[in-house]
Every structure is written in C-alpha cells, then in structure tokens.
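My questions will all concern the structure given below.
The values are calculated or read from the model by the stated rules, or taken from the named source; none is laboratory data. It should be emphasised that the depicted structure is a prediction, and the values quoted were computed from it without experimental measurement. Here the Cβ positions follow ideal geometry from the backbone for every residue, glycine too, while neighbour counts run over all protein chains shown.
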Amino acid sequence: MKRALYAVPIFMAILPLAAQAPAVGNVWKADDLKAKGAALTAKLDAHKLATQTLGSLGPGYTTLVAHREGSGEAEWHDNAADLTVIEDGECTLIMGGAIKDGHSTGAGETRGTSIEGGTEYRLGPGDVIYVPPKTPHQMVIAPGGKLTYWLVKIPAPKP
C-alpha cells in the first residue's frame, strides 16, 4: 500500500523528463547497475558511501548509482527531489520530521546527524522512493549491511 502512495508523485516528477530527455535516450540494464554498484565497494569514502554519475537526463536532472555500507547523514535539499530505486540490500528510510544538528553543506543543502519525528520505511530490492524537495530524509543501514541504489536528482519546480 505504501508503494502505491508514491506512484502519483513519481509519475508527476518524471513527466517533465520526456520533454527534456536526450534525443537518443538512455538504457541502464539491471546487470550493469549491479556491476557498477559492486565496483563501488572499493571506492567507499569516510561515510562508507561511493557514487558514480551515470549521466544527465536534461538541464538540472542527474542520475547516479550509489553504494553504502553505513548509514547516511540526514539530508534536506531545497532545490531537488530524489527518486530512488533500491537495487540490492536493505535500509530503513526515515522521512519527514526535523533534522537534528543541521548545518549547511552548500547552496540549499543541509545535513545533520539524525532525524527526529520522521516516519520509518523498511526498504529492499525493487522498492521505489520519492523524496520531495525540502523534506528531511536519511538512509539507515544495519551494522554489517550494504545497500546499492539508483538515484535521479530532479530539480524543484520554479515558482
């Protein structure tokens, strides 16, 4: 049931891509994404995260594959939404609430240690997440866990 709640905003977020997508299009095969995720294990940073940009889908749209072996910081994006598909592994997504110990990490970007008062969603392969702009969110990975996902950064609509 929770997955169905995200269908409408996801399709509304993707619709502008059709007008701005490259003329040739893009195809990312599941096996290729899985291989890219596996290759990222050797490139983990201090936050136990590694990413590889796959390309642009038009002005302001970026897609990447990411691999985590540790929980991410709490995040807030003023000017972008996140559309994510879990490829491999599991996490708990905390969405909503308030970011604890928030600090700016760039224009319109805030990070913090955790989220207070958010809703938790247990996620695994095939699950789809849509996080609107200006929404606190955090991926929590269990100790010893791993997570690989595909992400599209979608620019927030201009007022």
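Being closer than 20 Å to LYS153 by Cβ, among the polar types (S, T, N, Q) and touching a residue at least 40 places away in the same chain (Cβ under 8 Å) narrows it down to one residue among THR105, THR84, THR113; which is it?
Selected residue: THR84, the only one of THR105, THR84, THR113 that is closer than 20 Å to LYS153 by Cβ, among the polar types (S, T, N, Q) and touching a residue at least 40 places away in the same chain (Cβ under 8 Å).
Which numbered condition trips up THR105, out of (1) β-branched (Val, Ile, Thr); (2) closer than 16 Å to ARG68 by Cβ; (3) modelled with pLDDT under 95?
Status for THR105: all satisfied but (2).
If you don't mind, there's one more thing I want to ask. Just checking, does region 63-71 include any residue being closer than 16 Å to LEU33 by Cα, under 15 Å from the mean Cα position of the chain (by Cα) and among the basic types (Lys, Arg)?
Yes - at least one qualifying residue is present in region 63-71.
Within the set of pairs 6 or more residues apart or between chains, which connect a residue that is within 10 Å of GLU69 (Cβ to Cβ) and aliphatic (A, V, I, L, M) inside region 32-52 to a residue that is at pLDDT 90 or above and exposed (fewer than 13 other Cβ atoms within 10 Å of the Cβ) with Cβ atoms less than 6 Å apart?
Close Cβ pairs (under 6 Å, with a partner that is at pLDDT 90 or above and exposed (fewer than 13 other Cβ atoms within 10 Å of the Cβ)) amount to ALA50/LYS43.
Which one of the conditions (1) in contact (Cβ under 8 Å) with a residue 60 or more places away in the chain; (2) within 12 Å of the chain's Cα centre (by Cα) does LEU93 fail to meet, given that it meets all the rest?
For LEU93, the exception is condition (1).
Answer with yes or no whether ILE154 is more than 16 Å from the chain's Cα centre (by Cα), buried (at least 19 other Cβ atoms within 10 Å of the Cβ) and either modelled with pLDDT under 95 or not basic (Lys, Arg) (or both).
The answer is no for ILE154.
Could you figure out which of (1) assigned to a strand (DSSP E or B); (2) touching a residue at least 12 places away in the same chain (Cβ under 8 Å); (3) exposed (fewer than 14 other Cβ atoms within 10 Å of the Cβ) isn't true of GLY126?
(1)
Results for (1) in contact with a helix residue (DSSP H, G or I) (Cβ under 8 Å, 6 or more places away or on another chain); (2) at pLDDT 95 or above; (3) surrounded by 14 or more Cβ atoms within 10 Å (Cβ to Cβ); (4) over 20 Å from PRO136 (Cα atoms), shown as yes or no for each residue.
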| site | (1), (2), (3), (4) |
| --- | --- |
| ALA21 | no, no, yes, yes |
| LYS34 | no, no, yes, yes |
| GLY55 | no, no, no, yes |
| TRP76 | no, yes, yes, no |
| ASP82 | no, yes, yes, no |
| LEU93 | no, yes, yes, no |
| ILE99 | no, yes, yes, no |
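Scan (1) among the β-branched types (Val, Ile, Thr); (2) modelled with pLDDT under 90; (3) more than 13 Å from LYS153 (Cβ to Cβ) for the single condition THR41 breaks and write down its number.
If we test THR41 against (1) among the β-branched types (Val, Ile, Thr); (2) modelled with pLDDT under 90; (3) more than 13 Å from LYS153 (Cβ to Cβ), just (2) comes out false.
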